[in-house]
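For reference, the structure is listed below as C-alpha cells.
The values are calculated or read from the model by the stated rules, or taken from the named source; none is laboratory data. This is a predicted model, so every value here is computed, not measured. When we count neighbours, we look across all protein chains shown, and the Cβ atoms used for this are built from the backbone with ideal geometry, even at glycine.
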Amino acid sequence: MKENQPSLLKSLRDAAEANAPLERSQTKDPVRRNRAETRLVEVFDAGPAVADTPWQGLIPRFIRVTRTTFLRRARDGLWDQRQEVSFHAASAPISAKKAAQAIRSHWAIENRSHYVRDVTMLEDASRIRVNPGVFARIRSFALNIMRANGEKNIADALWRNALNPQNILNYRYSSNQG
C-alpha cells in the first residue's frame, strides 16, 4: 500500500494503532554486505479499517511490516539504525508467516524483473506511444531468453550482445527449460 491510496493507508495505520494484531511473525536476515535486517510482520482484521468504504468485503486482512535495518558505517565500524513501516492489503485471510513469505517473494520479482526492465532496459524512459505493449513483450521475451540461458548480469549480457550480435544466435530457447 503506497501513497496512491492515502485515505485507505490512513485507515490502515489508524486501525493498526488502535487494534491488536491477530498474529505476528518475526524474521531476521543474517548480516550480509554490512547490513542486518529484522522484519516484524503483523496481520490485522481489516473490518474496522474498511467499514463503510468501497473496500469493505474486498480486504479481510491487512498486514503491517516493520523493518529494522542496521547498516555498518565503513569509516568507523559503528552501526546506524533505520526503521521503515509498510502496509499491505490481503484479499484473503492469511497467516503472518505466509504473509512474510509472500512479501519477500514479491521483492524477489521486483528486483529480478521490474528493476532490470526499468534500469537496464530503460523501459520507463521509453518514448514508444504506438503499441507500447508489443515492445514490452519483446523486452520480456529477451529477458526470459537471457535468464533461461543462465545470464545473471543482464546489463553485461546486453552489452556483450550489442558488441557481437553473433552471441544472440548461440542462445537457445526451449519451453522445457526450468
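Quick notes on this structure:
- Considering the range 106-139, and only residues there that are of a type in the set (Ser, Thr, Tyr) and touching a residue at least 12 places away in the same chain (Cβ under 8 Å), the residue that is farthest from residue 87 (Cα to Cα) turns out to be 120.
- In the condition set (1) among the aromatic types (Phe, Trp, Tyr); (2) surrounded by 14 or more Cβ atoms within 10 Å (Cβ to Cβ); (3) under 20 Å from residue 36 (Cα atoms), residue 107 is compliant with all but (2).
- Lone qualifier among 89, 102 - being small (Gly, Ala, Ser) and modelled with pLDDT of 90 or more: 89
- The one condition from (1) closer than 20 Å to residue 93 by Cβ; (2) under 22 Å from the mean Cα position of the chain (by Cα) that residue 19 does not meet is (2).
- Residue check, residue 42 surrounded by 14 or more Cβ atoms within 10 Å (Cβ to Cβ), more than 26 Å from residue 6 (Cβ to Cβ) and of a type in the set (Asp, Glu): no
- Hits in the range 68-95 (condition: exposed (fewer than 14 other Cβ atoms within 10 Å of the Cβ), of a type in the set (A, V, I, L, M) and closer than 24 Å to residue 5 by Cβ): 85, 92
- Residue 96 being of a type in the set (A, V, I, L, M, F, W, C), touching a strand residue (DSSP E or B) at 6+ places or on another chain (Cβ under 6 Å) and closer than 26 Å to residue 46 by Cα: yes
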